[in-house]
1. For residue 133, only one of the following conditions fails: (1) over 30 Å from residue 97 (Cα atoms); (2) in contact with a helix residue (DSSP H, G or I) (Cβ under 6 Å, 6 or more places away or on another chain); (3) surrounded by fewer than 21 Cβ atoms within 10 Å (Cβ to Cβ); (4) modelled with pLDDT of 70 or more. What is its number?
2. Check off (1) at pLDDT 80 or above; (2) over 22 Å from residue 400 (Cα atoms) for residue 50 and give me the number that stays unchecked.
3. Kindly check whether there is at least one residue in the range 334-352 that is among the hydrophobic types (A, V, I, L, M, F, W, C), over 19 Å from residue 255 (Cβ atoms) and at pLDDT 90 or above.
4. What are the pairs, 6+ residues apart or on separate chains, where a residue within the range 87-112 that is within 18 Å of residue 180 (Cα to Cα) and modelled with pLDDT of 95 or more has its Cβ under 7 Å from a residue that is part of a loop (DSSP other than H, G, I, E, B) and of a type in the set (Ser, Thr, Tyr)?
5. Please state which one of 140, 175 is touching a Leu at 6+ places or on another chain (Cβ under 7 Å), modelled with pLDDT of 90 or more and hydrophobic (A, V, I, L, M, F, W, C).
6. Kindly indicate whether any position in the range 312-322 is surrounded by 15 or more Cβ atoms within 10 Å (Cβ to Cβ), touching a residue at least 24 places away in the same chain (Cβ under 8 Å) and not hydroxyl-bearing (Ser, Thr, Tyr).
Amino acid sequence: MRQVARSRALLTDPRFRNLWLSQGIAQTAQNALLFALLVIVLEITGSSIHTSLLVLCFILPSIPLGFAVGVLLDRFDKRPVLIVTNLVRAGACILFYFFHQDVWVVYGISMIVATAGLFFNPAVAALIPSIVPREKLVPANSLYNFTLTASQLIGIVFIAPTLLKSVGADGMFIAGAVFYLLAAGFALRVGSVHTPTEKRSLSETFTSMPTEFRDSWRALSSDKMALLAISQLIVSSTLVLLFAILIPRYMGEVLEVPADSAALVFAPTGIGALIGLRFVPWFSRRGKNQAVVVGLAGVAVCLALLALVEPIAELWKSAPGSVDPSRFLRVSLLQAFVMLFAAPMGFFYALLNAPAQTVLHERAPADMRGRIFATQVVSANFISLIPLLLVGAFVDLLGITPVLLMLSMGLGALALVSNAVGSEPKPPPPRAESREPQGVGV
């Protein structure tokens, strides 16, 4: 209850409230757009390899541009970044409306959307410590991560399947454009925030990028807890992309229902995540890393259960006195078990982001925040390239069940490593930093 009260108090600050609304709306639109495009590409091509190529288009721009993003964000006012990137993505949704039947054009437009998102997400993360007092940073991070997780679940599980089923792809793209325009409007009201940095020309800024990024990596690698936290965040973001790729194929291959039925089948994931986010402070009492370990292990178990849902359903039917839920519910036995396993998966996934992100916020130097959060995005996208490229081919070759079991085993191994490596030391002493000027709201 105390955490909820603190979050409500933060939202009384108009600058933070507008930043939070811009973040939530834009990230929800981004996740809904990604899932809708995955369904469309799968319908056009019938191949999971092409869905992997689509996700690859969303992460490729970060490889050449990511190193520049962080340095630029540390040099310039971040509010125009929020406004322009949302307007660009609104325009991209209009392009999707006209050209979404051509898969190669979809790939090209997706890279534009991804480039805009590459600037938007680190800008939001870097702005939080600039407009929130240090004593309110933990509840601000909790609310940020609550919104991040909620936007993933709402966009992928609810909005995209519902809109695809009710108004089709055209309606989905129009709604996406409206969402991004709303996000730009709220970003306009955040106000200017200037980071005190050494004045340099644009050419000097670009020339210094390799050195400045090496400095940010050196700062991360010298801090074991910060390095572990960014590793956990990389796994968490990769897991969302993999989940988005696998859901359409899972719906058709295992449940034998259309992909747009995911809103019903995976709805318990969102409910579980909301409950899990309320329990993050309780799990974090024994250490933030321990909360992440519990989350990794829990998601691993749930993925294994989803992979084995067909033999589990057969065992249930053969048990004496078993009840078939299809007799009184509008779902099959397989769908009922998936819904049963989806709820705890959402609960445990909620434990992954918030503790790790809070560690990174607490330990990031003020003058490196843009670079460090851009480093997180670039690293997540670069490291996820191989599994995202392989997962489509593996699903086409082996089927969805073996792939889910491999993911489960990988997350279980990571939980063991995190538990062994991440015994938390005492918090570092507060860093000497000057507070950024508050700027003038609009």
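The values are calculated or read from the model by the stated rules, or taken from the named source; none is laboratory data. Here the structure is a predicted model, which means the values were calculated and not measured. Glycine gets a Cβ as well: all are built from the backbone with ideal geometry, and neighbour counts include every protein chain shown.
1. So the condition that residue 133 fails would be (2).
2. It is condition (2) that residue 50 fails.
3. Checked against the condition, which is being among the hydrophobic types (A, V, I, L, M, F, W, C), over 19 Å from residue 255 (Cβ atoms) and at pLDDT 90 or above, the range 334-352 yields at least one hit.
4. none
5. On the way: 140 fails: modelled with pLDDT of 90 or more.
Only one candidate qualifies: 175.
6. Within the range 312-322, one or more residues are surrounded by 15 or more Cβ atoms within 10 Å (Cβ to Cβ), touching a residue at least 24 places away in the same chain (Cβ under 8 Å) and not hydroxyl-bearing (Ser, Thr, Tyr).
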